[in-house]
1. Only helices (runs of 4 or more DSSP H) wholly contained in segment 37-80 count here; list those with 1 or more residues that are within 17 Å of H25 (Cβ to Cβ) and among the hydrophobic types (A, V, I, L, M, F, W, C).
2. How many of the residues in segment 1-21 are over 16 Å from C51 (Cα atoms), within 12 Å of the chain's Cα centre (by Cα) and free of Cβ contacts under 8 Å to residues at least 24 places away in the same chain?
3. On the basis of being at pLDDT 90 or above, in a loop (DSSP other than H, G, I, E, B) and among the basic types (K, R), does K2 make the cut?
4. Looking only at segment 31-70, which residues are surrounded by 15 or more Cβ atoms within 10 Å (Cβ to Cβ) and small (G, A, S)?
5. Looking at L39, L44, which one is modelled with pLDDT of 85 or more, touching a Ser or Thr at 6+ places or on another chain (Cβ under 8 Å) and not small (G, A, S)?
6. Report whether or not R27 is buried (at least 18 other Cβ atoms within 10 Å of the Cβ) and in a loop (DSSP other than H, G, I, E, B).
7. Exactly one of (1) of a type outside the set (F, W, Y); (2) farther than 12 Å from L80 by Cα; (3) in contact with a Leu (Cβ under 8 Å, 6 or more places away or on another chain) is unmet by H25. Its number?
Amino acid sequence: MKQNQEMLSTILENKRTWIHLRDKHGRLPLHYAVSIGYLEGVELLLGICKCCTIQSDDIYGSFPIHLASSGGHHYNILAL
């Protein structure tokens, strides 16, 4: 996953419901943004839907904050 805020903004403007789509591991876009330390993407996603994504775990029981923590992305932890 690359960090491209313009592309992410365009996608979410046209397909806002995609913020709720999960992959085969049950992960949402927020899971991926925090796992790579993509702070701008995290802030954009949270600006659209705060609590519905923060409180969502994947099939392994990992919440976005777990992935941010395990990756050492402390700014993402603060954003969450």
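The values are calculated or read from the model by the stated rules, or taken from the named source; none is laboratory data. Bear in mind the structure is a predicted one, so any value in this text is a computation, not a measurement. Methodologically, a virtual Cβ is constructed for each residue, glycine included, from the backbone with ideal geometry; neighbour enumeration extends over all protein chains shown.
1. Numbers: elements: 39-48, 51-54, 64-70, 74-79.
Ranges flagged: 64-70.
2. The number of residues fulfilling the criteria is 0.
3. Numbers: at pLDDT 90 or above: no; in a loop (DSSP other than H, G, I, E, B): yes; among the basic types (K, R): yes.
Spelling it out, it is not the case that K2 is at pLDDT 90 or above, in a loop (DSSP other than H, G, I, E, B) and among the basic types (K, R).
4. The answer is A33, S35, G37, G41, S56, S62, A68, S69.
5. On the way: L39 fails: touching a Ser or Thr at 6+ places or on another chain (Cβ under 8 Å).
Of the residues listed, the single one that is modelled with pLDDT of 85 or more, touching a Ser or Thr at 6+ places or on another chain (Cβ under 8 Å) and not small (G, A, S) is L44.
6. Working: buried (at least 18 other Cβ atoms within 10 Å of the Cβ): yes; in a loop (DSSP other than H, G, I, E, B): yes.
Criteria met by R27.
7. Condition not satisfied by H25: (3).
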